[in-house]
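Undergrad: Structure below; questions to follow.
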Amino acid sequence: MSAANRASQCSTLRLSLGEDKVFEPNTTLYAQCQNSYYAQQERNLSPNCVVRPAHSSDVALVVKKISLLNLAGSQTKLAIRGGGHSPNPGSANINNGVTMDMRSMNTVTVSSDRSIVSIGAGALWSEAYPMLDALGLSISGGRLSNVGVAGLTLGGTAKLCGSILYHNIDFEPRRFVLLLSTERLCL
């Protein structure tokens, strides 16, 4: 992939999302993101830029823009990072592509009747446990608090609808729904 094509990927995303959500090499925020991975194998990968969405509409926009770039022949690759704890290279970062870092989407909310917990795609267990503990609720999750909820639950997104969901959510797998913007991806 040419340098011009790599620059085009990131500039397209920057124009769509804003300067504060797209980080390129040789910037402080890019370096902070790269250095915060658990495994050296992930830190060694070099995306063309890191995108940090704040809302599901940002996620939808990134996917749309990358899809349009690819339709135009760009061959843009996309990696999605939840907490960044996986030791497997390429599971949450990418060489010569775009890494979408979900860590700004880290809210934990509980419904008023306490029957539904919504956890953002970038939340860590250290953000979920205290909120639930304070309400006398519990959840099956990671033993280490710096592990991302999404990555552990989905096995690094290797199988969105595979047996990994039954491993972590075996009590009622039909009630587990993944949402991207307003689209249902998996039941």
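Taken together, the values in this text are just the output of simple stated rules run on the coordinates, not laboratory data. Predicted model only: the values in this text are computed from it and were never measured. Every residue, glycine among them, receives a Cβ derived from its backbone with ideal geometry; neighbour counts consider all protein chains shown.
Undergrad: How much length is gained if the chain between Ser57 and Ser16 is pulled fully straight, taking 0.36 nm per residue apart and subtracting their Cα-Cα distance, in nm to one decimal?
TA: Working: separation 41, 0.36 × 41 = 14.76 nm, distance 1.14 nm.
That pair, Ser57 and Ser16, stretches by 13.6 nm at full extension.
Undergrad: Separation of segment 97-133 and segment 10-27 by C-alpha centroid, Å?
TA: Each part reduced to its Cα centre gives a spacing of 25 Å.
Undergrad: Roughly what would the spin-label model give for Ser46 and Thr107, points 7 Å off Cα along C-beta, in nm?
TA: Between Ser46 and Thr107, the simple spin-label model gives 3.7 nm.
Undergrad: R0 = 35 Å: FRET efficiency of Gln75 with Asn146, Cβ-based, nearest 0.05?
TA: On the way: r = 34 Å, r/R0 = 0.96.
So, using R0 = 35 Å, E works out to roughly 0.55.
Undergrad: I've got another one for you. In terms of the Cα gyration tensor, with a ≥ b ≥ c the square roots of its eigenvalues, is segment 1-149 rounded because a/c is under 1.5, prolate because a/b exceeds b/c, or oblate? Let's see the in-between values first.
TA: Details: a/c = 2.58, a/b = 1.75, b/c = 1.47.
It comes out prolate by the Cα gyration axes.
Undergrad: Still on this model: Pull out the extension gain between Arg114 and Gln32, defined as 0.36 nm times the separation in residues minus the alpha carbon to alpha carbon distance; nm, one decimal.
TA: Values: separation 82, 0.36 × 82 = 29.52 nm, distance 3.59 nm.
Contour length minus Cα-Cα distance gives 25.9 nm.
Undergrad: In nanometres, what is the gap between the two model label sites at Ala39 and Asp133, each 7 Å from Cα along Cα-to-Cβ?
TA: 2.8
Undergrad: Arrange Met100, Met105 by Cβ neighbour counts within 10 Å, fewest through most, would you?
TA: Details: Met100 26, Met105 20.
With the fewest neighbours first, Met100, Met105 line up as Met105, Met100.
Undergrad: While we're here: So how do 46-53, 9-16 stack up, highest first, on mean other-Cβ count within 10 Å? Working shown, then result.
TA: Numbers: 46-53: 22.9, 9-16: 18.4.
The most tightly packed comes first, giving 46-53, 9-16.
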